[in-house]
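**Student:** Below is one structure. I have some questions about it.
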Amino acid sequence: MSFISLFGNKSEPEKPEPEEPEQKKSGFFSRMREAVTRTRESLGSKIEGIVALTRTVDESSLEDLEMALLSSDIGVQTTTEILDALRDRAKRQAIEGGEELRSLLKTQIRSILEAPQKPVVDPAQPPRVIFLVGVNGTGKTTTSGKLAAWSRAQNRTVLLCAADTFRAAAIEQLEVWATRSGVEIIKTRQGGDPAAVLYDAVTAAKARNISDLYVDTAGRLHTKTGLMDELEKMRRTASRLIPEAPHEVLLVMDATTGQNGLQQARLFTQSAGVTGIVLTKLDGTAKGGIAVAIARELNLPVRFVGVGEKMTDLLEFSPEAFVDSLLG
């Protein structure tokens, strides 16, 4: 049997003063730039070296560029496509020096990142149901809490569902995040039926006209048949109560795992119907190029990036800001 825990009703968290659009844009860019510092120091310094030494773009400079891209975990397939496009451009029209090469590279990477991006549309009948999936250790439960805070900052109403009933720590951790972000949480005891607690959460969200329902699911590997079956049961439960739910299935992926994480994401996409990626720990890796590989090889949008431990350390992903932060 599920029960409801109420948090944050007595003392709502203080909301910051609204920022001016330009101030907000500048602040966002600086935070994205800080998040990709390690990747920029690695990739950006190599690109700078190529740009500085290149007067005429030839095969040698393109080979140097290839090695730089591979070192940031953009991946062989995506790097090859980028280089093929640049070679094709060079054949049709000469690339005049390093700065033009950098500009063309930025355009290529940005177009790859933008291709799978789609506008998020509210369903005709609220709530918008968002499942958080992934393996343990990627920051899935923490991300659920941060997303709740992010939605509140957009002036949306939020409910959290603690459907990771396999780990008592996950329920307790989500309760802490509910308290911090000032939202309610629907939970059950450890070992309870995840589909049952989801049923209660969707029912409560509909009754209260909640905008966003974030569902923290159990950490699972694609090979764990029982857990994958449980996730499918939850999907059926959600769709019975709200047509087309879940509206999003976000795979929480640790950026530090690079290409290994990409393979994990590929298998999750096949088995769990993933619609987007939350890339955590981006600030802790020089492998930020994995965001480009995800977009190109999986045709999935990166929706958010985790850039720290604080509640506000989750940024909605912007291809433009990412590329400008990475390559200047």
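The values are calculated or read from the model by the stated rules, or taken from the named source; none is laboratory data. Here the structure is a predicted model, which means the values were calculated and not measured. Note: ideal-geometry Cβ built from the backbone for every residue, glycine included; neighbour counts use all protein chains shown.
**Student:** For the subset of the stretch 190-210 comprising residues that are of a type in the set (Gly, Ala, Ser) and in a helix (DSSP H, G or I), which member is surrounded by the fewest Cβ atoms within 10 Å (Cβ to Cβ)? Give the derivation first.
**Tutor:** Narrowing the stretch 190-210 to residues of a type in the set (Gly, Ala, Ser): 191-192, 195-196, 201, 204-205, 207.
Next cut, in a helix (DSSP H, G or I) only: 195-196, 201, 204-205, 207.
Values: Ala195: 18, Ala196: 16, Ala201: 31, Ala204: 18, Ala205: 25, Ala207: 8.
Only one residue tops the list, namely Ala207.
**Student:** Can you tell me how many residues in the stretch 278-294 are under 24 Å from Gly145 (Cβ atoms) and either crowded, with 24+ Cβ neighbours inside 10 Å or touching a strand residue (DSSP E or B) at 6+ places or on another chain (Cβ under 6 Å) (or both)? Can you show your working first?
**Tutor:** Quick first cut of the stretch 278-294, residues under 24 Å from Gly145 (Cβ atoms) only: 278-285, 288, 290-291, 294.
Now drop any that are not either crowded, with 24+ Cβ neighbours inside 10 Å or touching a strand residue (DSSP E or B) at 6+ places or on another chain (Cβ under 6 Å) (or both), which leaves 278-282, 288, 290-291, 294.
Within the stretch 278-294, residues that are under 24 Å from Gly145 (Cβ atoms) and either crowded, with 24+ Cβ neighbours inside 10 Å or touching a strand residue (DSSP E or B) at 6+ places or on another chain (Cβ under 6 Å) (or both) number 9.
One line per residue, one yes/no per condition, for (1) out of contact with any Asp or Glu (no Cβ under 8 Å at 6 or more places or on another chain); (2) among the charged types (D, E, K, R); (3) part of a helix (DSSP H, G or I):
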{"position": "Leu83", "(1), (2), (3)": "no, no, yes"}
{"position": "Arg89", "(1), (2), (3)": "yes, yes, yes"}
{"position": "Glu100", "(1), (2), (3)": "yes, yes, yes"}
{"position": "Ser103", "(1), (2), (3)": "yes, no, yes"}
{"position": "Gln108", "(1), (2), (3)": "yes, no, yes"}
{"position": "Leu113", "(1), (2), (3)": "yes, no, yes"}
{"position": "Gln117", "(1), (2), (3)": "yes, no, no"}
{"position": "Asp122", "(1), (2), (3)": "yes, yes, no"}
{"position": "Pro126", "(1), (2), (3)": "yes, no, no"}
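**Student:** Let me ask something else about it. Go through the stretch 170-189 and give me each residue that's in contact (Cβ under 8 Å) with a residue 60 or more places away in the chain, part of a loop (DSSP other than H, G, I, E, B) and farther than 23 Å from Asn155 by Cβ.
**Tutor:** Residue satisfying the conditions is Thr188 alone.
**Student:** In the stretch 60-80, what residues are acidic (Asp, Glu) and either closer than 28 Å to Leu314 by Cα or without any contact (Cβ under 8 Å) to a residue 12 or more places away in the chain (or both)?
**Tutor:** Glu63, Asp73
**Student:** Scanning for something free of Cβ contacts under 8 Å to residues at least 40 places away in the same chain, outside any strand (DSSP E or B) and touching a helix residue (DSSP H, G or I) at 6+ places or on another chain (Cβ under 8 Å), does the stretch 270-277 turn up at least one residue?
**Tutor:** Here is the first cut: in the stretch 270-277, the residues free of Cβ contacts under 8 Å to residues at least 40 places away in the same chain are 273, 275-277.
If we keep only those that are outside any strand (DSSP E or B) too, we end up with 273, 275.
Next, only the ones that are touching a helix residue (DSSP H, G or I) at 6+ places or on another chain (Cβ under 8 Å) stay: 273.
Looking for residues that are free of Cβ contacts under 8 Å to residues at least 40 places away in the same chain, outside any strand (DSSP E or B) and touching a helix residue (DSSP H, G or I) at 6+ places or on another chain (Cβ under 8 Å), one finds at least one in the stretch 270-277, hence yes.
**Student:** Here is a list of conditions, (1) touching a strand residue (DSSP E or B) at 6+ places or on another chain (Cβ under 7 Å); (2) surrounded by 17 or more Cβ atoms within 10 Å (Cβ to Cβ), and Ser72 meets all of them except one; can you say which number that is?
**Tutor:** The one condition Ser72 does not meet is (1).
**Student:** Would it be correct to say that Ala265 is in contact with a strand residue (DSSP E or B) (Cβ under 9 Å, 6 or more places away or on another chain), within 19 Å of Ala218 (Cβ to Cβ), small (Gly, Ala, Ser) and not in a helix (DSSP H, G or I)?
**Tutor:** no
**Student:** Looking at the stretch 203-221 only, could you name the residues that are within 23 Å of Val278 (Cα to Cα), in contact with a Cys (Cβ under 9 Å, 6 or more places away or on another chain) and of a type outside the set (Ser, Thr, Tyr)?
**Tutor:** Leu213, Val215, Asp216 - these are the residues of the stretch 203-221 that are within 23 Å of Val278 (Cα to Cα), in contact with a Cys (Cβ under 9 Å, 6 or more places away or on another chain) and of a type outside the set (Ser, Thr, Tyr).
**Student:** Ok, one more. What tally of residues in the stretch 219-244 results from selecting those that are assigned to a loop (DSSP other than H, G, I, E, B) and within 27 Å of Gln125 (Cβ to Cβ)? Talk me through it step by step, then tell me what you get.
**Tutor:** Residues of the stretch 219-244 assigned to a loop (DSSP other than H, G, I, E, B): 219-224, 242-244.
Filter once more, keeping what is within 27 Å of Gln125 (Cβ to Cβ): 242-244.
The number of residues fulfilling the criteria is 3.
Listed here are the residues, each with its yes/no results for (1) among the aliphatic types (A, V, I, L, M); (2) under 12 Å from the mean Cα position of the chain (by Cα); (3) modelled with pLDDT of 95 or more; (4) closer than 25 Å to Ser211 by Cα.
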site: His247; (1), (2), (3), (4): no, no, yes, yes
site: Thr256; (1), (2), (3), (4): no, no, no, no
site: Asn260; (1), (2), (3), (4): no, no, no, no
site: Arg266; (1), (2), (3), (4): no, no, no, no
site: Ile277; (1), (2), (3), (4): yes, yes, yes, yes
site: Gly284; (1), (2), (3), (4): no, no, no, no
site: Ala293; (1), (2), (3), (4): yes, no, no, no
site: Val302; (1), (2), (3), (4): yes, yes, yes, yes
site: Gly308; (1), (2), (3), (4): no, no, no, no
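**Student:** Only one of Ala94, Ala124, Ala35 is small (Gly, Ala, Ser) and more than 30 Å from Leu160 (Cβ to Cβ); which?
**Tutor:** Values: Ala124 fails: more than 30 Å from Leu160 (Cβ to Cβ); Ala35 fails: more than 30 Å from Leu160 (Cβ to Cβ).
Ala94 is the lone residue from the list that is small (Gly, Ala, Ser) and more than 30 Å from Leu160 (Cβ to Cβ).
**Student:** Can you tell me which of Leu241, Leu251 is out of contact with any Ser or Thr (no Cβ under 6 Å at 6 or more places or on another chain) and buried (at least 20 other Cβ atoms within 10 Å of the Cβ)?
**Tutor:** Values: Leu241 fails: buried (at least 20 other Cβ atoms within 10 Å of the Cβ).
The conditions single out Leu251.
**Student:** Just checking, which of Arg296, Arg240, Arg266, Arg236 is closer than 20 Å to Pro119 by Cα and among the basic types (Lys, Arg)? Give the derivation first.
**Tutor:** On the way: Arg240 fails: closer than 20 Å to Pro119 by Cα; Arg266 fails: closer than 20 Å to Pro119 by Cα; Arg236 fails: closer than 20 Å to Pro119 by Cα.
The conditions single out Arg296.
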